[in-house]
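The numbers here are math on the coordinates, done by the rules we state, and not lab data. A quick note: this is a predicted structure, and the numbers were derived from the prediction, not measured. Reconstructed Cβ throughout: ideal geometry from the backbone, glycine too, with neighbour counts over all protein chains shown.
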Amino acid sequence: MTHFKLTNILNDVNNILLPTVCFGCNARLYRGEKTICTVCRNQLPLTDDNYNEENSIDRIFYGRVNIKKANSLLFFTKNGIVKNIIHHLKYKNQEQIGEFLGNWFGEIIKNDGSLNNIDIVIPVPLHKKRLKKRGYNQVTLFGQQLAYHLNADYAEGILIKTSNTKTQTKKGRIYRWQ
Ligand SMILES: [Zn+2]
């Protein structure tokens, strides 16, 4: 796979010509701010799952998959900052948002010790057709940052996506679970 996708190059050029703006609210970023402005950062709806012995993500897996612990960083709301930043991460070539979120989440779970002794971080893969189209897997930098903070290995190619399913946003909840 080529490392110099035209879209990425155009994106770099774009960043030079236009001032960088917050991916949450489109406000211009001040010096020292990166990716998300301070106002959005303070408004992001953190789940605080890491502080709960049993959280809502754990409960999703009950009776279905025997997991040790689940965790999440943010609540997703239909209209709001989280939706904006995830949209930019997935569809607007803003891969660095994954690094920002992974770095933040990694620091949280490292400091509170809610996920100890992790050996390996394994990202959920994209189908190769979608990977080619997007140019990157939106969870790669996120996973790498988690691995860095947890002092774990990061390994791609362990899970393999075999079917190119339609985008999850168009599927129902039950179908997504299956
Ligand atoms: Zn903002």
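Restricting the calculation to Cα atoms, region 39-136 yields a radius of gyration followed by a Dmax of 15.1, 40 Å. Summing Cβ point charges (Lys, Arg +1; Asp, Glu -1) relative to the Cα centre of region 6-177 gives a dipole of roughly 1220 debye. Database remark: amide H of LEU74 closer than 5 angstrom to the amide H of THR47 (H placed geometrically; neighbours at sequence offset of 5 or more, or on other chains; Pro and chain starts carry no H).
If you average the sequence gap of Cα pairs under 8 Å that are 6 or more apart and divide by the length of region 6-177, what percent do you get for the contact order? Mind dumping the intermediate values first?
Working: 192 pairs, mean separation 30.3, N = 172.
Averaging sequence separation for qualifying contacts and normalising by length gives 18 percent for region 6-177.
Net charge in the neighbourhood of CYS37 (other residues with Cβ under 15 Å of its Cβ; Lys, Arg +1, Asp, Glu -1) is +3.
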